[in-house]
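Data block below; observations after.
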Amino acid sequence: MTNWMVAGNWKMNTTSSEAIALAQSVRDATPRLSEGEIVLAPPFTVLSSVNEIVKGSHIKLAAQNIFYEDKGAYTGEISPAMLKDVGCTYVIIGHSERRKYFHETDETVNLKVKKGLGSGLKCIICVGETEEEREKGVMEFVVGIQIKKAMSGIEALDNVVIAYEPVWAIGTGKNATSAEAEEMHHFIRNVLGETYGDVVNKVRILYGGSVTPENIGELIGMKNINGALVGGASLKSETFIGIIKRMTEKR
Ligand code: PEP
């Protein structure tokens, strides 16, 4: 697959001046791609300013979350129309930090995926097992349920990207080996294939969890790994750009 993606999840980081500097530096140091996509997911507060920097460029904008209603009395929430209005093409849904700290469930993830896709946003859906689940050997069971529930009622895979992010690898410096990641990516593709058939071969499945310029090469050498969702290493332009350079060299 040539259609890879590297997405930077800035989480709850960057003031506006920091966000502007980081986005400018990523934009200026990365090539316009004939294949592959670079995506930045800054916090809500700076989406508009980052959009001013990336619009018309080769970089796409993503939000880190969405709400599943169009408008109304939902204090603190952000609708799909609001995200599109500030230039978002993508939205990250079901990140493990949202599941852990904000009690998101497979059901709310599904509502968000339905609303996001129905509103014309492309969805990066995050799944992944905890350390305990891996130790018990139930990672396929857990991730299989997450995938099936997130995708329940979704007819087409066109605007869907999956991010496999083992919870034990996020922000820990302990990434999954390329073999462990490939095994799960292969599994996820098979699960999706049961419902969607061969079109599943076109779906991008990203790996996320302590990705760095040093380990991305081996990860994306695997057949079913189509890029990366990057947290910590996306906050420094040198490391994020380093990851993108490795992608462009390898593919
Ligand atoms: C993430 O938060 O999606 C992530 C993968 O973080 P990190 O790269 O810091 O592990």
field: region 91-121-region 174-251 distance, computed between alpha-carbon centres (Å)
entry: 20 Å
- request: Kindly provide the trypsin sites (Lys or Arg not before Pro) of region 67-108 that DSSP labels as loop, not H, G, I, E or B, and whose Cβ sees at most 15 other Cβ atoms within 10 Å.
  value: LYS71
query: Got a sec? Charge dipole of the chain, +1 on Cβ for Lys and Arg, -1 for Asp and Glu; which of ASN224, GLY137, VAL167 is way out at the positive end?
result: ASN224
- line: Note to self: with every protein chain in place and a 1.4 Å probe, the chain gives an accessible area per residue in Å² of 45 Å²
task: Just check the chain against the gyration tensor rule for me: Cα atoms, a ≥ b ≥ c as the square roots of the eigenvalues, rounded for a/c under 1.5, and otherwise prolate or oblate depending on whether a/b exceeds b/c.
output: rounded
message: Once you keep just the Cα pairs under 8 angstrom separated by 6 or more residues, what percentage relative contact order results for region 104-200?
response: 32 percent
field: Spin-label model distance (nm) - THR212 vs ALA29, 7 Å beyond Cα toward Cβ
entry: 1.6 nm
- line: If the chain between ASP106 and GLU238 were fully extended at 0.36 nm per residue, the gain over the current Cα-Cα distance would be 44.0 nm
- prompt: When the chain is modelled as a GNM with alpha-carbon springs shorter than 10 Å, which of ILE145, ILE220, ILE162 fluctuates the most?
  reply: ILE145
message: Over the chain, with a Gaussian network built from C-alpha contacts below 10 Å, which listed residue (THR105, THR212, THR172) shows the highest mean-square fluctuation?
response: THR172
query: From the Cα gyration tensor of region 133-202, with a ≥ b ≥ c the square roots of its eigenvalues, which class applies: rounded if a/c is under 1.5, or else prolate if a/b is larger than b/c, or else oblate?
result: prolate
field: Choice from LYS11, LYS136, LYS174 with maximal GNM fluctuation in the chain (Cα, 10 Å cutoff)
entry: LYS136
- prompt: Based on Cβ point charges of +1 for Lys and Arg and -1 for Asp and Glu, what charge dipole magnitude is obtained for region 5-250 about its Cα centre, in debye rounded to the nearest 20?
  reply: 540 debye
- request: Report the relative contact order of region 5-250, percent, no decimals, based on alpha-carbon pairs under 8 angstrom and at least 6 residues apart.
  value: 19 percent
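The values are calculated or read from the model by the stated rules, or taken from the named source; none is laboratory data. These numbers were taken from a predicted model, which means no experiment stands behind them. In this analysis, Cβ positions are derived from the backbone assuming ideal geometry, glycine residues included, and neighbour counts consider all displayed protein chains. These area figures cover heavy atoms from the full protein model, side chains too; ligands, DNA and RNA do not enter into them. Shrake-Rupley method; radii C 1.70, N 1.55, O 1.52, S 1.80 Å.
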